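First the structure, in the form of structure tokens, and then the observations on it.
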Amino acid sequence: MGFLDRLREGLTRTKQQIVGRFEEIVQQADEGEQRTRPITVDTIEALEELLISADVGLPATERIVTAVRSRSRHGESLRDLVKDEIRQIFDGVERPVSNGYKPQVTLIVGVNGTGKTTTIGKLANLLKASGKTPLVCAADTFRAAAVEQLEIWAKRAGVDIVRASEGSDPASVVFDAIQSGKARGRDPILVDTAGRLHNRVNLMNELEKIRRVASKAAEGAPHEVLLVLDATVGQNGLQQAREFTSVAGVTGIVLTKLDGTAKGGVAVSIAHDLKLPIRYVGVGEGIDDLIPFSPHDYVDALFQEKW
């Protein structure tokens, strides 16, 4: 199954939430091939309600609705107007290319329960399948179960792991992992940090320390900071993202559990409100169920007439 098919499958619940009503709205708006007057107020209100119910978020919904209202005089179909505006939202997010550092050090951050540790195992597997030689660093030294869980996933992915005893200084573990990765020729290095609430000052300060130590071990490190967000929490995840970005310098999002929610529209809200690229999405529990995120494929999967 290709990436697009798997993305479509992952968006099934979101699509089910909106497809029937959206088709009704489209049919109502597009009646008559020579429409020259704006889309009706009722149609606009129905579209607004639909987008908010899919967790697109109020600011992004207002932008989409405003664009639809202003462009509707030109005879474009409602479906095309909505898809085009969402594509523009995603296109407005910078997606910087790899900076060329080797090894590339990636911190994985997030709150407990988002699927952070399993995401690292899946990401290691995906990167290895693409020809890379990732090394996993178990820097969550507060919870023994986290290290054991990560070891299981690393073994399944067939990649090396660097760990330390419970209670060790996480920053020291990161330093050792980077040095080990250099010596073994491993690239990238994926660092599992302890799950933390964005309002826990001591834990957020620890992230700052990890960043400082990583920069001493490798030039420019960390080169990527990926925040794992649970799609099922919808808009609540955006505040988490803002706090983590201010402290940890988040450069991208991994959106997990997309297959388990009807709130898949939150991807649009992330792009619009946070201006952060979604790097990967989780569409299942298997080791192969993490896929690169394609904004245009996402829009097509969500709003095309038939799958």
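The values are calculated or read from the model by the stated rules, or taken from the named source; none is laboratory data. The shown structure was predicted, so the numbers you read here are calculated from the model rather than taken from an experiment. Quick reminder, even Gly has a Cβ in these numbers, built from the backbone with ideal geometry, and neighbours come from all protein chains shown.
Just wondering, is there one or more residues in the stretch 212-223 that are crowded, with 17+ Cβ neighbours inside 10 Å, under 30 Å from D160 (Cβ atoms) and modelled with pLDDT under 90? Checked the stretch 212-223: no residue is crowded, with 17+ Cβ neighbours inside 10 Å, under 30 Å from D160 (Cβ atoms) and modelled with pLDDT under 90. Selection over the stretch 85-127 of residues that are surrounded by fewer than 17 Cβ atoms within 10 Å (Cβ to Cβ), over 13 Å from R279 (Cβ atoms) and among the acidic types (D, E) gives a count of 1.
Scanning the stretch 107-151 for residues that are in contact with a Gly (Cβ under 9 Å, 6 or more places away or on another chain) and polar (S, T, N, Q) yields N112, T114, T117, T118, T119, N125, T133, T141, Q149. For the stretch 257-275, a residue qualifies if it is buried (at least 22 other Cβ atoms within 10 Å of the Cβ) and aliphatic (A, V, I, L, M), and the qualifying residues are L258, V266, A267, V268, I270, A271.
Only residues that are outside any loop (DSSP other than H, G, I, E, B), at pLDDT 85 or above and either touching a Pro at 6+ places or on another chain (Cβ under 8 Å) or buried (at least 21 other Cβ atoms within 10 Å of the Cβ) (or both) were counted across the stretch 239-254, and they come to 3.
When residues in the stretch 140-158 are screened for being within 22 Å of the chain's Cα centre (by Cα), closer than 27 Å to M204 by Cα and among the aliphatic types (A, V, I, L, M), 3 of them pass.
Of the strands (runs of 3 or more DSSP E) lying entirely inside the stretch 73-183, not one carries at least 2 residues that are farther than 21 Å from F293 by Cα and of a type in the set (F, W, Y).
Among the numbered conditions (1) closer than 25 Å to L127 by Cβ; (2) surrounded by fewer than 17 Cβ atoms within 10 Å (Cβ to Cβ), the only one that K209 does not meet is (1). Which residues, taken from the stretch 204-260, are among the β-branched types (V, I, T), touching a strand residue (DSSP E or B) at 6+ places or on another chain (Cβ under 6 Å) and under 15 Å from T114 (Cβ atoms)? Correct list: V225, V228, V250, I253, V254, T256.
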